[in-house]
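Written out below as structure tokens is the structure these notes cover.
What follows is calculated from the coordinates using simple rules that are stated; it is not laboratory data. Because the structure is predicted, anything quoted here is derived from the model rather than measured. Cβ atoms come from the backbone with ideal geometry, glycine included; neighbour counts cover every protein chain shown.
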Amino acid sequence: MIAPNGARKTRQDHPALPVSIQETVDEAVLCHAAGATVLHGHVRGKQDEHLLDTGLYLELIAEMNRQAPGMMVQITTEAVGIYTPSQQVACVQAVVPEMASVSLREMTSDFTDLEFAKRFYAWTSEADVHIQHILFSDEDLIQFLKLKQSGIIPASHRCVLFVLGRYSVDFQSHPADLDPFLARDLTGLDWFVCAFGAKEQACLNAAIDHGGHARIGFENNLYLPSGDIAANTAELVSELTKSLTASDRSFATSDQTRHLLGLRSA
């Protein structure tokens, strides 16, 4: 999975950061050629600001289907301190995407409104929207597993993303940040990892070594393993796939990704 822009970075962070829909699609095409199969998609407004916008998401999905038909599109519901859970839900229900990412803490209002979250999660199952639950800590994972056991989160929801380094002082992730997650029973989960900073690829390789999947891109990191700034997210993807190939590990095709995540065939 690629995350080529995110909600916060701008071209001041990197001149090649994709902002427009066409720039995002162009980057996705390059990343797909390098081995990526899923776009974690953000859309921006006229001032390059983060938006949860139905029309822009539908445009992004339509252009991806036209220009990068081999890739899946996951929209984000990231609040960025702007959007309420009701607004996040309204966006997903208006778009009805194939895939969406949802922060567990945001959707449950820090675990204070579980019934609201339960209704939304039930709707996603009925609407066949694949949900990836964003987890920022071992505590989030514990809560996720409890909510699955209690039925708040449907049994069919098995995809999560572990965000490494979110609470680090310097926002720099390390492979050891994965250890608390690995200490839990991850049986039956499709788990991904994303990581902040220059050790992104070391963290992703550690995740893959333990049976996880990788989310990579400028949203979290601009640096190659060499310490040089990458030209674009596609270069980060190429470096990761090279390391996988060199160690006799494989990366999934689009069809294999769909099978692994339980998505319908394209």
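Projected onto their three principal axes, the Cα atoms of the chain cover extents of 46, 42, 39 Å, largest first. When 134, 216 are sorted by how many other C-beta atoms sit within 10 angstrom of their C-beta, beginning with the fewest, the order is 134, 216. Taking a ≥ b ≥ c as the square roots of the eigenvalues of the alpha-carbon gyration tensor, region 219-266 is classed oblate because a/c is 1.5 or more while a/b is no larger than b/c.
Remark: relative contact order (region 36-92) = 41 percent; criterion is Cα-Cα distance under 8 angstrom and separation of 6 or more residues. Scaled to the globular estimate 2.2 N^0.38 Å, the Cα spread of region 66-137, given as radius of gyration, is 1.12.
Restricting the calculation to alpha carbons of region 109-266 gives Rg and Dmax of 16.5, 48 angstrom. The H on the amide N of residue 217, modeled in the peptide plane, is under 5 Å from the matching H of 3, each at least 5 residues off or on a different chain. Scanning residues 5 or more positions from residue 41 or on other chains, those with amide H under 5 Å from its amide H are 74, 75, 76, with H placed 1.01 Å from N in the peptide plane. Only alpha carbons enter this Debye calculation for region 33-99, each as an equal point scatterer, and the log10 of I(q)/I(0) it gives at q = 0.25 Å⁻¹ is -1.14. What the phi angles of region 140-148 give under the Karplus curve with 6.51, -1.76 and 1.60, with θ = phi - 60°, is a coupling list of 4, 5, 4, 5, 4, 5, 5, 5, 5 Hz, glycine and proline written as x. Between region 168-207 and region 240-254, what is the C-alpha centre distance in whole Å? If we compute the Cα centre of each part, the gap is 18 Å. Working ranking of peptides 89-95, 31-37 by packing, defined as the average number of other Cβ atoms within 10 Å per residue, highest first, is 31-37, 89-95. Protection proxy ranking for 117-127, 51-61, 96-106, using the average of other Cβ atoms within 10 Å per residue and placing the highest first: 96-106, 51-61, 117-127.
So which trypsin sites (Lys or Arg not before Pro) in region 32-83 are both in a DSSP loop and have at most 11 other Cβ atoms within 10 Å of their Cβ? Answer in residue order: 46.
If you take all other residues with their beta carbon under 15 Å from the beta carbon of residue 94, and give Lys and Arg +1 and Asp and Glu -1, the sum is -3. When DSSP beta bridges are restricted to pairs lying wholly in the chain, around 10% turn out antiparallel. Remark: relative contact order (region 21-247) = 15 percent; criterion is Cα-Cα distance under 8 angstrom and separation of 6 or more residues. Computed from the Cβ-Cβ distance with R0 of 30 Å, the FRET efficiency linking residue 210 to residue 172 stands at 0.90. Computed over Cα pairs, the Kirkwood radius of region 166-219 leads via Stokes-Einstein (1.002 mPa s, 20 °C) to a diffusion coefficient of 187 µm² per second. With a cut-off of 13 Å between beta carbons, the residues surrounding residue 76 carry a summed charge of -1, where Lys and Arg count +1 and Asp and Glu -1.
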